[in-house]
Amino acid sequence: MKRLALTATLLFTATLLAPRLLRAQASEIPSAAPPGQTGSDAERGRILIDQMIAALGGDAWLNRTTMQLDGRTSAFFHGQPNPYITEYHELRRFPASGQPEADRIGFLTERGMILPGKVVDVVQIWIADNGYEITFKGKTDLPKEQVEDYYRRRTHSIEEVVHTWIHAPGVMIVAEGATMVERRLADKVSILSANNDAVTLELDAATHLPIRRTFQWRNPQFKDYDEEAEEYDDYHTVQGLPTPMTITRYHNGDMSNQRYLTKVVYNATLSPDLFDPAVILKKK
């Protein structure tokens, strides 16, 4: 089944939700297959989604409240690596925390020649459809293009697909057969929304863990479609949850970013001030 071309200008709207347990069964959603269709591909697609959720940790994964990450990241241009590697510390707050979804990324730099060590002197905060850069001097709005890119990726993330897409009216979840991702056999499943937006997931045929997520969006400047892909590798079990420690992004087939995680912690209590753009950094 061929994927439909997409028109995607979706922005994620953060909402205040009380903590609640989410059920991990996509197979309970009514089929959106056209009348007269056998539904075998749709049924298989729902089974694949259920297997992926179970492999990721089931209800424990669905109801994560927070996530802390330490890692290194590097950007690429036309597939060629940027020689600079940046260390970062990231804090993510999920809707299951009972507060708006938010993301805080602090970038580490050398403290100086006299004092050893590294310090976070620039922070990005993503909350309520906005992005901010925070320093000891104050707050600055991030560029519109960067903000749109961030929320476009979040809207098409695996978390958003599982929490929102598969529960929406008119959704179609269709198995598309076997494929290969970096020499690994995978099962491909596409999730198509009622407004013709779509995400394709490729799941490891043996473990059912996601190894690639792909979506397309219409480029307003060139009037064609760009493809965004994200690959997940080097899974480690952290607090009972399989976690990819290597995440690679591609833009139209060219590698654009790569992240290597060195530490992950789930469900730690995080102060709301950490996600408040009005709280500036203290000079160190």
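The values are calculated or read from the model by the stated rules, or taken from the named source; none is laboratory data. Just so it is clear, the structure is predicted and the values come from calculations on it, not from any experiment. So basically every Cβ, Gly included, is an ideal-geometry build from the backbone, and we count neighbours across all protein chains shown. Heavy atoms of the whole protein, side chains included, go into the accessibility calculation; ligands, DNA and RNA do not. Shrake-Rupley method; radii C 1.70, N 1.55, O 1.52, S 1.80 Å.
Here are some notes:
- Pairs with Cβ under 6 Å, 6+ apart, first in the range 248-260 and small (G, A, S) and surrounded by fewer than 19 Cβ atoms within 10 Å (Cβ to Cβ), second in a strand (DSSP E or B) and modelled with pLDDT under 95: S256/F76
- Once the range 166-188 is narrowed to residues that are of a type in the set (D, E, K, R) and touching a residue at least 12 places away in the same chain (Cβ under 8 Å), the residue that is least open to solvent (accessible area, probe 1.4 Å) is D187.
- Subset tally (residues that are at pLDDT 95 or above and either among the hydroxyl-bearing types (S, T, Y) or over 19 Å from E87 (Cβ atoms) (or both)) for the range 127-138: 6
To keep it simple, each residue is scored yes or no on (1) within 14 Å of the chain's Cα centre (by Cα); (2) closer than 25 Å to R64 by Cα; (3) not small (G, A, S).
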{"site": "F222", "(1), (2), (3)": "no, no, yes"}
{"site": "H251", "(1), (2), (3)": "no, no, yes"}
{"site": "N257", "(1), (2), (3)": "yes, no, yes"}
{"site": "S271", "(1), (2), (3)": "no, yes, no"}
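- Breaking point among (1) open to solvent by less than 50 Å² (accessible area, probe 1.4 Å); (2) modelled with pLDDT of 95 or more; (3) in contact with a Phe, Trp or Tyr (Cβ under 6 Å, 6 or more places away or on another chain); (4) not small (G, A, S), for Q239: (1)
- Residue within the range 185-194 that is part of a strand (DSSP E or B), at pLDDT 95 or above and farther than 22 Å from E159 by Cβ present: yes
- Here T155 meets each of (1) in contact (Cβ under 8 Å) with a residue 12 or more places away in the chain; (2) in contact with a Ser or Thr (Cβ under 8 Å, 6 or more places away or on another chain) with one exception, condition (2).
- Qualifying positions in the range 235-284 - closer than 21 Å to L142 by Cα, part of a loop (DSSP other than H, G, I, E, B) and of a type in the set (G, A, S): A278
- Residues in the range 261-273 that are touching a residue at least 12 places away in the same chain (Cβ under 8 Å) and surrounded by fewer than 15 Cβ atoms within 10 Å (Cβ to Cβ) were compared, and the one that is nearest to E87 (Cα to Cα) is T262.
- Total residues in the range 189-210, condition without any contact (Cβ under 8 Å) to a residue 60 or more places away in the chain, closer than 21 Å to A55 by Cβ and crowded, with 21+ Cβ neighbours inside 10 Å: 2
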